[in-house]
Amino acid sequence: MHFCGALVLGPPGGSAGLIPIMAQQNKPEIGIAGQEVILKCTDIPHDKRVTWKYDKLIFSKGKAAMTDRSEINSNSKHLRVLDLRLSDAGTYICESGSHRVSISLHVFKLTISYDGHFLSNEVPELTLMQNSSHTLPDLSITLFNSNNNIVRPTISEKTRQKYILKLKQLEATDSGTWMCHVQSASPLINQNISFDVKVLGFQNTDLERKYATADSTVILSWHLNFRKIKWKEGFTGQLIWKQQESATAYELLDFNVTARGEQHETKKSSRFQFEIRKPESTIELKLPKVHFNHSGQYQCQLAYNRRYVQSKIELVVMKVSANPAGPLPRGAEMTLTCQVSSPLPSNAHLRWERVNGTQMDIKKSKQNEVKVEVNVSAAGLWNCHLIEENDKKISLNYHVEEAPVWIIYVVIGASIGGGVLVFGLACLCIISGISWQRRRQRAKRMAQARQYLLENKTCQCQQ
């Protein structure tokens, strides 16, 4: 970056030659640590020799003595200082014969925590330092984010030499070039200092809810932003699932992204069937036929330098059923049940409604209820809707069919036949019981008779 000094001219009507030493003014220049600055020595003929001085250090023609970080341009006589340091601040003097130019160099150094590499929801810390050979001014600092919107930081430390600013939590969309605008009235400073912020994270929200009907195909996606922000560091990640917040977590897959942006996934769990799809910069999970017990929290987590960020997708599955199942006989009733796998948010509910029905054929679930039931006594098509903020998210239908007449006769016949069979079995059991009781009594009388005869025979022998 080039910083232009003021051009010093002679007094009106004076000579066009060299200006006396005492007529020169200090020329303030602003430098940024880590960058370069060019200090200009004006009105020096090309054939004149120039000497640059800083403190007691003397720069000569060509390479200077400042540890290979500075050089004098042989044509323009300007001094170029590379990789500027805070300690380089001070007064620089350019001399050529009686011509002398004095330049005051004011150096700013801006550093950002984690070298500008953040994860979503982390809080950056900026440190702005200044150095000069003169009294350090009180600075006014304004920050602009990558969208050129003003950001209002919290000042955690402030001295004349150092300012420490804390920002709010970052989002993935905050990646880009930020600007720190520094102002001072005396000396007059109006300087922009740019710095890069890279926020690794998801283009998804931190928590989103996805609704699905039972037996449908579900695709869960986490869109990473590492290619978009040109992230040049390697990081790892994993995808875990648990049915409830307090339930055991199962690792479904892990992945890593190299510094060159190469993405590799490894399937870890076979607890249920799923597929890994590989679109660019995306972790994608496909459930070909989602079941009620596939619901729960799916969490994708990124890890970088022992720091973590995660994004969750809560999968809610809806199903419908009938009790009793099958066709509805005339005059009978069945209960239709619409159920979800987990409690709904306060702005969502379930609703049964009959197609071409009336308001009497509508039934809604109450807050925090996971199911709603409706009693049906006639054939027709019923729909269950999951509604969130007046928006129908998913729907399932159940067609109640009326049983044919022959099925009714079969049912009646089966009922009568079953009754007769039960009656016959009851009669058979009674008859069998009576017969068994009679046989038992007959056997008892015969045993008594034998006992009697044995006793009489014994008595005759004794006589």
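The values are calculated or read from the model by the stated rules, or taken from the named source; none is laboratory data. These numbers come from a predicted model, not from an experiment. As a convention, Cβ positions derive from the backbone with ideal geometry for all residues, glycine included, and neighbour counts pool all protein chains shown. Remember, those area values only see protein heavy atoms, side chains included, never the ligands or the DNA or RNA. Shrake-Rupley method; radii C 1.70, N 1.55, O 1.52, S 1.80 Å.
Observations on the model:
- Using the 1.4 Å probe convention, the accessible area of the chain works out to 59 Å² per residue with neighbouring protein chains retained.
- Surface share of carbon and sulfur [accessible, 1.4 angstrom probe, percent] for the chain: 50
- Cross-link reach is defined here as a Cα-Cα straight distance under 25 Å, omitting same-chain residues fewer than 8 places apart; for Lys286 the lysines meeting it are Lys210, Lys228, Lys242, Lys267, Lys268, Lys278, Lys312, Lys319, Lys392, Lys393.
- Among the protein heavy atoms, those of Asp138 account for about 80 Å² of accessible surface (1.4 Å probe, every chain in place).
- Here the simple spin-label model places points 7 Å from the Cα toward Cβ, and for Ile155 and Glu369 these points are separated by 5.9 nm.
- Within the straight-line cut-off of under 21 Å between alpha carbons, the lysines reachable from Lys53 are Lys27, Lys40, Lys61, Lys63, Lys77, sequence neighbours fewer than 8 places apart in one chain being disregarded.
- Using θ = phi - 60° and Karplus 6.51 cos²θ - 1.76 cosθ + 1.60, couplings along segment 169-186 (whole Hz; Gly, Pro as x): 4, 8, 10, 4, 6, 7, 5, x, 8, 9, 10, 10, 9, 10, 10, 8, 7, 8
- Mean residue ellipticity (222 nm) of the chain, computed from DSSP H runs ≥ 4 via -39,500 (n - 2.57), nearest 500: -4500 deg cm²/dmol
- Largest accessible area first, the listed residues Thr173, Thr213, Thr159 line up as Thr173, Thr159, Thr213 when surface is computed with a 1.4 Å probe on the assembled protein chains.
- Packing-based ranking, highest mean first, of 382-391, 103-112 given that Cβ atoms within 10 Å are counted: 103-112, 382-391
- Helix 405-462 and the longest principal axis of the C-alpha atoms of the chain enclose an angle of approximately 50°.
- Residues whose amide H lies under 5 Å from that of Lys393, counting only those 5 or more places away or on a different chain, are Leu386, Ile387, Glu388; hydrogens are built 1.01 Å from N in the peptide plane.
- Ser395 exposes around 60 Å² of accessible area when a 1.4 Å probe is run over every protein chain in place.
- Spin-label model distance (nm) - Asp55 vs Glu333, 7 Å beyond Cα toward Cβ: 9.7
- Listed options for log10 I(q)/I(0) by the Debye sum over Cα atoms at q = 0.07, 0.09 Å⁻¹ are (1) -0.39, -0.62; (2) -0.68, -0.85; (3) -0.45, -0.72. The value calculated from this structure is the one marked (2).
- Cα centroid separation, segment 221-300 to segment 201-215 (Å): 13
- Count Lys and Arg as plus one, Asp and Glu as minus one, and take only other residues whose Cβ is under 13 Å from that of Leu165; the net charge is then +3.
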